[in-house]
Amino acid sequence: MFLVGINYMLLFVGSISSSLLSKFYFNHKGDSRWVSTCVQSAGFPLLLLPIYLPFYVFKSTHRKPFTRFTPKILLISILIGLLLGLNNLLFSWGNSYLPVSTNSLVLSSQLVFTLITSVIIVKQKITYANLNCVILLTLSSVLLALGSSHDRPKGLTRTKYFIGFFSTIGAGLLFSLYLPLMEKIYKNVYCYSMVVEMQMVMELAATVLATLGMIIDGGFSAIKKEGKNVFDLGEQAYWLTVVFNVVTWQFCFMGTAGMVFLTSSLTGGVCMTALMAVNVLGGVIVYGDNFGGFKVVSTLLCVWGFSSYLYGLHMKIEDEEQKNKDSTEIDEQRFVL
């Protein structure tokens, strides 16, 4: 539970701050989606600290880093990392066009996809609470699409709005594939340290993909030019924005990976969805996003769907506790007899 708490705090801080900082980059005339994609995974060297410090400095573990890290695990981590890189690119496209609040609500649809892929990949059982949550979140996203004409920022065409909308849907779809895949792989991982090691390799692969995109798009000289001549707050503010983006995205992804390993892919998806309402409020407070009409109803549906899932989860835990209690009583009676 201690590790669960730490990972959820990482997810909480990382999800909210990274969404706001990514939008901050585009709001101040940053226009490279490859830069926005790269910063989401470029913080992978930070993971070297939790990988090597426990063994070489704190002497708190007897496991040497990357022990049992087989070529098969390496290949799987690289392939999933490339999938994660594509997901990051789609998220950048969506975030560059959509308001933060709209982007967060659309991303909440990833729980729908996560339920479906969890059923297929890890044999997740469908319950009334799961199904109700799926229906409500689907309606939430549909309402956002229907109300797009009232939500588009000035100067943004309807075409670009829908490019952003469906890019975000695509990001949610890919991420929902990533979550149950990781849950299935983590069943063969015997410690949390190995999760961190796999996460570092995945983010390295995602960074390589983003770097190749940047090179094709103009290379690192274009980034320097953007910082000096394009970003309207100046070069120093530009690099601070990039650095803070790198760190906060690292919190977000590591928190997500930890939640999937310690709980399940569906619970990890639900925890992310729970933060969407906070992201919506963050967009309204920080950037003055419109929060009326369709978006209000969409947010309420999102909260309703999440609450429905939590209630179902609570009832499931109570049923399991009751069954364990009944089983214990039966065993005690047999022992007496």
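The values are calculated or read from the model by the stated rules, or taken from the named source; none is laboratory data. Predicted, not measured: the structure shown is a model, and the values here were computed from it. In this analysis, Cβ positions are derived from the backbone assuming ideal geometry, glycine residues included, and neighbour counts consider all displayed protein chains. Only protein heavy atoms, including side chains, enter the accessible area calculation; ligands, DNA and RNA are left aside. Shrake-Rupley method; radii C 1.70, N 1.55, O 1.52, S 1.80 Å.
Looking across region 141-161 at every residue that is at pLDDT 75 or above, assigned to a helix (DSSP H, G or I) and surrounded by 14 or more Cβ atoms within 10 Å (Cβ to Cβ), the one that is farthest from the chain's Cα centre (by Cα) is identified as LYS160.
Restrict the check to region 97-112 and report whether at least one residue is among the hydrophobic types (A, V, I, L, M, F, W, C) and either surrounded by fewer than 16 Cβ atoms within 10 Å (Cβ to Cβ) or within 27 Å of MET194 (Cα to Cα) (or both).
yes
In region 206-247, the qualifying residues are those that are in contact with a Lys or Arg (Cβ under 8 Å, 6 or more places away or on another chain) and open to solvent by 30 Å² or more (accessible area, probe 1.4 Å), and the one that is nearest to LEU89 (Cα to Cα) is VAL230.
Of all positions in region 11-23, at least one carries a residue that is closer than 16 Å to VAL195 by Cα and in contact (Cβ under 8 Å) with a residue 60 or more places away in the chain. Could you run through region 34-45 and say how many residues are open to solvent by 30 Å² or more (accessible area, probe 1.4 Å) and either aromatic (Phe, Trp, Tyr) or under 18 Å from the mean Cα position of the chain (by Cα) (or both)? Result for region 34-45: 3. All conditions in (1) touching a Cys at 6+ places or on another chain (Cβ under 7 Å); (2) closer than 21 Å to VAL196 by Cα hold for GLY268, with the sole exception of (1). When PHE261 is tested against (1) in contact with a helix residue (DSSP H, G or I) (Cβ under 7 Å, 6 or more places away or on another chain); (2) within 22 Å of PHE91 (Cα to Cα), only condition (2) is not met.
Within region 264-306, which residues are surrounded by fewer than 21 Cβ atoms within 10 Å (Cβ to Cβ) and hydroxyl-bearing (Ser, Thr, Tyr)? Correct list: SER264, THR267, TYR287. Taking the listed residues SER60, SER15, the one that is among the polar types (S, T, N, Q) and either surrounded by 15 or more Cβ atoms within 10 Å (Cβ to Cβ) or within 22 Å of the chain's Cα centre (by Cα) (or both) is SER15, with no other qualifying. The residues listed here are ILE126, ILE73, ILE120; of these, the one that is open to solvent by 10 Å² or more (accessible area, probe 1.4 Å) and not in a helix (DSSP H, G or I) is ILE126.
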